[in-house]
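Visitor: The structure's right below; bear with me while I get my questions together.
The values are calculated or read from the model by the stated rules, or taken from the named source; none is laboratory data. In this text the structure is predicted, and so the values were computed from the model without any measurement. Note that each Cβ is placed from the backbone with ideal geometry, even for glycine, and that neighbours are counted across all protein chains shown.
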Amino acid sequence: DAGVIQSPRHEVTEMGQEVTLRCKPISGHNSLFWYRQTMMRGLELLIYFNNNVPIDDSGMPEDRFSAKMPNASFSTLKIQPSEPRDSAVYFCASSFKQGAGSPLHFGNGTRLTVT
Amino acid sequence: GNSVTQMEGPVTLSEEAFLTINCTYTATGYPSLFWYVQYPGEGLQLLLKATKADDKGSNKGFEATYRKETTSFHLEKGSVQVSDSAVYFCALTHYGNNRLAFGKGNQVVVIP
């Protein structure tokens, strides 16, 4: 299995531009998570989906952030317009929800720099 | 709500030294407990887990025991190697809810 695949690995953009991050979860997994990691705040859960349906988006910082999961094999996280404070590493993770102890499998992240 | 607390600050130690990273949790009921490891430039990887009280998770020489009486899940390794240098995260989930609550992580640096 190829694991969770994220693209791009690095993204550098100017303030005000739209940014789209992509994620392909592990085949057969039915839960998908988007996290943001910074030195100041550590790991923050932004949103998660079960069976392609958003369950909790309370971690999405502002209306500038949106996430979609149109099918079981693809998700996007969009920032529009981007700001320098959005600079972080964004991780996608997936799991098979089956009661206690289901581990998350993380992608290698997208490092976003907004100048 | 559910939360995880890890000891403050990075950990620097010499090769072959004993490693302990403390983790305590707050949760109702019986959460599942995890340790994840993040190597430079990579995502988090599951290191070990325990799903009920007194369970011991182990992997790659690391161990952690689920202690309900002290609400702890401390990570230990008897003899660390330079390749163990990474950031270690403690986390928990509840039955029927695979959303993870993470601690802030501990940077471990092993010096040759």
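Visitor: Restricting the search to the range A:83-98, which residues are among the charged types (D, E, K, R) and either part of a strand (DSSP E or B) or modelled with pLDDT under 95 (or both)?
Guide: Pass one, the range A:83-98, residues among the charged types (D, E, K, R): A:83, A:85-86, A:97.
If the condition is that a residue be among the charged types (D, E, K, R) and either part of a strand (DSSP E or B) or modelled with pLDDT under 95 (or both), then A:97 is the only one that fits.
Visitor: Further question on the same structure: Can you tell me which residue in the range A:9-42 is surrounded by the most Cβ atoms within 10 Å (Cβ to Cβ), limited to those that are of a type in the set (A, V, I, L, M) and either in a loop (DSSP other than H, G, I, E, B) or in contact with a Gly (Cβ under 7 Å, 6 or more places away or on another chain) (or both)? Quick ask: steps written out before the conclusion?
Guide: Pass one, the range A:9-42, residues of a type in the set (A, V, I, L, M): A:12, A:15, A:19, A:21, A:26, A:32, A:39-40.
Applying the additional criterion that residues be either in a loop (DSSP other than H, G, I, E, B) or in contact with a Gly (Cβ under 7 Å, 6 or more places away or on another chain) (or both) yields A:15, A:26, A:39-40.
On the way: A:15: 12, A:26: 18, A:39: 6, A:40: 6.
By that ranking, first place goes to A:26.
Visitor: Looking at (1) of a type in the set (Ser, Thr, Tyr); (2) within 20 Å of residue B:104 (Cα to Cα); (3) surrounded by fewer than 17 Cβ atoms within 10 Å (Cβ to Cβ); (4) modelled with pLDDT of 95 or more, which one does residue B:66 not meet, given that it meets all the others?
Guide: Evaluating residue B:66 over (1) of a type in the set (Ser, Thr, Tyr); (2) within 20 Å of residue B:104 (Cα to Cα); (3) surrounded by fewer than 17 Cβ atoms within 10 Å (Cβ to Cβ); (4) modelled with pLDDT of 95 or more leaves (3) as the failure.
Visitor: Sticking with this one: Does any residue of the range B:91-106 turn out to be part of a strand (DSSP E or B) and touching a helix residue (DSSP H, G or I) at 6+ places or on another chain (Cβ under 7 Å)? Give the derivation first.
Guide: Here is the first cut: in the range B:91-106, the residues part of a strand (DSSP E or B) are B:91-94, B:97-102, B:106.
Next, from what is left, pick out any that are touching a helix residue (DSSP H, G or I) at 6+ places or on another chain (Cβ under 7 Å): none.
No, the range B:91-106 contains no residue that is part of a strand (DSSP E or B) and touching a helix residue (DSSP H, G or I) at 6+ places or on another chain (Cβ under 7 Å).
Visitor: Something else now. Would you point out which residue out of A:16, A:101, A:3 is over 12 Å from the mean Cα position of the chain (by Cα), more than 27 Å from residue B:5 (Cβ to Cβ) and modelled with pLDDT under 95? Write out each step before concluding.
Guide: On the way: A:16 fails: modelled with pLDDT under 95; A:101 fails: more than 27 Å from residue B:5 (Cβ to Cβ).
Exactly one residue qualifies, and that residue is A:3.
Visitor: From the list A:66, A:75, A:58, which residue is of a type in the set (Gly, Ala, Ser) and assigned to a loop (DSSP other than H, G, I, E, B)?
Guide: When all the criteria are applied, what remains is A:58.
Visitor: I've got another one for you. Give me the pairs, please: first residue somewhere in the range B:71-87 and within 13 Å of residue B:40 (Cβ to Cβ), second residue anywhere and small (Gly, Ala, Ser) and part of a strand (DSSP E or B), beta-carbon distance under 7 Å, and either six or more positions apart or on two chains.
Guide: Cβ pairs passing all conditions: none.
Visitor: Within the range A:43-54, count every residue that is surrounded by fewer than 15 Cβ atoms within 10 Å (Cβ to Cβ) and hydrophobic (A, V, I, L, M, F, W, C).
Guide: 1
Visitor: Follow-up. Of everything in the range B:88-98 that's in contact with a strand residue (DSSP E or B) (Cβ under 6 Å, 6 or more places away or on another chain) and facing chain A (nearest Cβ under 10 Å), which residue is modelled with the highest pLDDT? Even if it seems obvious, please write down each step before you answer.
Guide: The initial filter retains those residues of the range B:88-98 that are in contact with a strand residue (DSSP E or B) (Cβ under 6 Å, 6 or more places away or on another chain), namely B:88-93, B:98.
Checking the rest, the ones that are also facing chain A (nearest Cβ under 10 Å) come to B:89, B:91, B:93, B:98.
Numbers: B:89: 96, B:91: 93, B:93: 85, B:98: 65.
Checking each candidate, the answer is B:89.
Visitor: Where residues in the range A:22-74 are free of Cβ contacts under 8 Å to residues at least 40 places away in the same chain and among the charged types (D, E, K, R), which of them is nearest to the other protein chains (Cβ to nearest Cβ)?
Guide: This residue is A:56.
Visitor: Then there's this: Among (1) within 12 Å of another protein chain (Cβ to nearest Cβ); (2) surrounded by 21 or more Cβ atoms within 10 Å (Cβ to Cβ); (3) of a type outside the set (A, V, I, L, M, F, W, C), where does residue B:107 come up short?
Guide: (2)
Visitor: Among the residues of the range B:23-81, count how many are within 14 Å of chain A (Cβ to nearest Cβ), under 24 Å from residue B:110 (Cβ atoms) and acidic (Asp, Glu).
Guide: Going through the range B:23-81 one residue at a time, the tally reaches 1.
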